[in-house]
């Protein structure tokens, strides 16, 4: 397991998904501690201009893009700047920089199913994996966690809710089960997104611009839509089940619009332990990078007098059925969560492209789940095959809805 101390010199970090909001926040934290960390690799999908600027500032050894055409462009720009940075392209390159022997820490921040294989490669190489890609666990939970245990990887959740729960529980090496440490329930907080309190009828007219305007967090467009539908909270519920060996009924989603309490753990003695802080992803990122130590993240300390009040309410699963669908998929087990995730990714992309209404996202996901038979999720090939099948079904459903309009 790659657990280096600063006494041995800086820890070497690969950032998968460097140009997204999590990747940018990770680089911000790292830049504050040059004596502790150095960058081995930065990866991006197609945002080559952003990656170029990151390469100029952070000087990684390797940069990776999805397409060779973008990699060729980046090579030319870096050569003009006289920067000796190796540029690669494609999924095999992502896997290589995730499992490279000189890497100690991997920030897994690629959005969606595309992050599964490189994240799993980092786990199998025994890295410290900072998991911001919830889809990896949603798709392959049992297989993924088995590999974490088998390969001696250190898995630290970066989603603010799971990171909060991690901080509210005893150290992982001291846990046998939630019940074994007296935990009766995990309370997963949700902001409620930009449409909290809206009716199902009102939600039908939602535009992509409205859905991407999150009231508290700065996030990418896909995850912003997931937050607006509450699918993000559903995916987090599934992720929490795997991370903390919990059953779906042991997790309660609590809408907390201030996003100050990031999540809680309830204990058998009546105690409820919460982790609080300003809504800034640099806090969980810094926690993951330095664990079990604490380092400055550039985040202002929470001012309780300014906050003044904390509100809580149950989620409206009638208006936001994606949360129910996620819970049902987790209860069904096997490949159902992978099918849920795949159908949602296709539906959200169609919504952002103007090919599907907001309410159609849940409708497409539910129809694909109903048309799918749950398979065992014990082999990666089967999981990926069901993912591909669900995407085809979702595409067909979206096309049929478009024809009916």
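Here, each number is a calculation from the coordinates, and none is a lab measurement. Remember, it's a predicted structure, so these values are computed and weren't measured experimentally. Virtual Cβ from ideal backbone geometry, glycine too; neighbours counted across all protein chains shown.
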> Over the chain, one equal point on each Cα, no solvent: what is log10 I(q)/I(0) by the Debye formula at q = 0.07, 0.12 Å⁻¹?
Replying inline: -0.31, -0.97
> Under the Kirkwood approximation for Rh and a Cα-based Rg, what ratio Rg/Rh is obtained for region 6-158?
Replying inline: 0.96
>> Using Cα springs under 10 Å in a Gaussian network model of the chain, which residue among 149, 132, 350 shows the largest mean-square fluctuation?
In response: 149
>> If you scale each eigenvalue of the Cα gyration tensor by 5 and take the root, what three semi-axes come out for region 252-405, rounded to whole angstrom and sorted largest first?
In response: 36, 20, 17
>> Based on Cα coordinates alone, diagonalise the gyration tensor for region 270-346, multiply each eigenvalue by 5, take square roots, and list the semi-axes in whole Å, largest first.
In response: 33, 20, 13
>> At a 10 Å Cβ-Cβ cut-off, how would you order 19, 12, fewest neighbours first?
In response: 12, 19
>> When 1/r is averaged over all different Cα pairs and the result inverted, which Kirkwood radius in Å belongs to region 333-405?
In response: 12.1
> With labels modelled as points extended 7 Å from the Cα through the Cβ direction, what inter-label distance (nm, one decimal) is found for residue 202 paired with residue 308?
Replying inline: 2.3
> Calculated FRET efficiency, residue 142 and residue 184, Cβ-Cβ r, R0 30 Å, to nearest 0.05?
Replying inline: 0.80
> Can you sort 280, 311 so the residue with the fewest Cβ neighbours within 10 Å comes first?
Replying inline: 311, 280
>> Need the full-extension length gain, residue 76 to residue 363, defined as separation in residues times 0.36 nm minus the C-alpha distance. One decimal, nm.
In response: 98.8 nm
> Applying 1/(1 + (r/R0)^6) with R0 = 51 Å to the Cβ-Cβ distance of residue 56 and residue 388, what FRET efficiency is obtained, to the nearest 0.05?
Replying inline: 0.85
>> If R₀ is 51 angstrom, what is the calculated FRET efficiency for the pair residue 149 and residue 405, using the beta carbon separation as r and rounding to 0.05?
In response: 0.55
> What is the packing order of peptides 178-184, 343-349, taking the mean over residues of other C-beta atoms within 10 Å and listing the highest first?
Replying inline: 343-349, 178-184
> Fewest to most neighbouring Cβ within 10 Å: what's the order for 305, 195, 320?
Replying inline: 305, 195, 320
